[in-house]
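Before any comments, here is the structure.
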Amino acid sequence: MSSGKRSAIPSPRHKASGEVTTVQRALNLLKVVGASERPIGVNEIARRLGKHVSAVSRTLATLEHNGFVERDRENGRFELGVELVALASRLLAELDVVRVARPYLEQLADRTRETASISLWNKTEAINVETVLGPGSIKHIAALGRRNPAHCTATGKAILSQMPASTLKEILSLGLEAYTDRTITTAKALERELRQVRERGYALNVGEFVAETATIAAVIHDRSGRATAAISVTMPAFNFTQKRGQQFAPLIMDAAATISRRLGYHGTPPT
């Protein structure tokens, strides 16, 4: 014999439907919070979602409790929480710049027959972190961990050209050490060089750091637009000619742009 109470129990189908709706609501809310350039209030979230403020507040409370959003105690506005970073950590690790860049280093080394490398920015210099040797008979060995001064290496200048004025000021305050007779040693000359790098899209170093080598490099941006790395091709200086430079530069810039896109960069550098 059936009873009214039994009919009130939701069927598995209805329950699943309700759960999907709840999950979708939470996902939509996270997308709104994540798309906002600054912390966002409950009323604005509700307006963008077309939902009641009370319903949005309940979902936000659950997400906040689990660390997916964080609330500013002073103004009550929300932003994404660190728990999302924890969930995405594995993906972020797989998308780090060195992993993404590796196949493009191999392509550059094969096409130019020279040494292709990637360097990461470290406050005032670029650190070489990965290298692929080309098939040419004479090879330049770019040691892993080598420090590339910002004022006299192609990778350093490529990244520095996209840095804020405060970074350049800091580097100038440290002094521009002369490594060869071609090293840039004055602020005026370095500022002029960096303008040229920005205009043409790549940096060039012929005997400025090591007299016997020449390097062409282009900057890599991360998803926030920051200049964080540079990809380069290095060769013995006697192998470098203006013609080779003009041939290699577009290949290097294309690789840098592709890597930047793979890292999530789709805009212009921050000012």
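Across region 105-127, the qualifying residues are those that are among the hydroxyl-bearing types (Ser, Thr, Tyr) and either within 15 Å of residue 234 (Cα to Cα) or out of contact with any helix residue (DSSP H, G or I) (no Cβ under 7 Å at 6 or more places or on another chain) (or both), and the one among them that is surrounded by the fewest Cβ atoms within 10 Å (Cβ to Cβ) is 112.
Scanning region 186-205 for residues that are out of contact with any Lys or Arg (no Cβ under 6 Å at 6 or more places or on another chain) and not in a helix (DSSP H, G or I) yields 186, 201, 202, 204, 205. Any idea which residue in region 171-180 is nearest to residue 124 (Cα to Cα), counting only those that are without any contact (Cβ under 8 Å) to a residue 12 or more places away in the chain and either assigned to a loop (DSSP other than H, G, I, E, B) or β-branched (Val, Ile, Thr) (or both)? The selected residue is 175.
Every condition in (1) outside the structural domain of residue 118 (by TED's automatic domain parsing); (2) surrounded by 14 or more Cβ atoms within 10 Å (Cβ to Cβ); (3) not basic (Lys, Arg) holds for residue 267 except the one numbered (2). Taking each residue of region 151-169 that is at pLDDT 95 or above and looking for partners that are among the aromatic types (Phe, Trp, Tyr) and in a loop (DSSP other than H, G, I, E, B) with beta-carbon atoms closer than 7 Å, six or more apart or interchain, yields 152/179; 152/209; 153/209; 158/202.
The set of residues in region 1-54 that are at pLDDT below 90 and outside any helix (DSSP H, G or I) comprises 1, 2, 3, 8, 9, 10, 11, 36, 37, 38.
For residue 252, state whether it is in a strand (DSSP E or B) and of a type outside the set (Asp, Glu).
no
For residue 208, the conditions (1) surrounded by fewer than 21 Cβ atoms within 10 Å (Cβ to Cβ); (2) in contact with a Cys (Cβ under 7 Å, 6 or more places away or on another chain) are fulfilled apart from (1). Scanning region 55-79 for residues that are under 16 Å from residue 38 (Cβ atoms) and at pLDDT 90 or above yields 69, 70, 71, 75, 76, 77, 78, 79. Just one of the numbered conditions (1) among the charged types (D, E, K, R); (2) in a helix (DSSP H, G or I); (3) farther than 30 Å from residue 133 by Cα is not true of residue 79: (2). Per the conditions (1) buried (at least 22 other Cβ atoms within 10 Å of the Cβ); (2) within 22 Å of residue 110 (Cα to Cα); (3) among the basic types (Lys, Arg), the sole criterion not satisfied by residue 157 is (2). Residues of region 193-244 that are among the hydroxyl-bearing types (Ser, Thr, Tyr) and within 26 Å of residue 181 (Cβ to Cβ): 202, 213, 215, 232, 234, 241. Inclusion of residue 223 among residues that are among the charged types (D, E, K, R), surrounded by fewer than 19 Cβ atoms within 10 Å (Cβ to Cβ) and part of a loop (DSSP other than H, G, I, E, B) is warranted. Checking each residue in region 229-249 for being free of Cβ contacts under 8 Å to residues at least 12 places away in the same chain and not in a helix (DSSP H, G or I) picks out only 241. At pLDDT below 90, under 30 Å from residue 233 (Cα atoms) and surrounded by fewer than 17 Cβ atoms within 10 Å (Cβ to Cβ), is that true of residue 96? Against the criterion (at pLDDT below 90, under 30 Å from residue 233 (Cα atoms) and surrounded by fewer than 17 Cβ atoms within 10 Å (Cβ to Cβ)), residue 96 qualifies.
The values are calculated or read from the model by the stated rules, or taken from the named source; none is laboratory data. Just so it is clear, the structure is predicted and the values come from calculations on it, not from any experiment. Note that each Cβ is placed from the backbone with ideal geometry, even for glycine, and that neighbours are counted across all protein chains shown.
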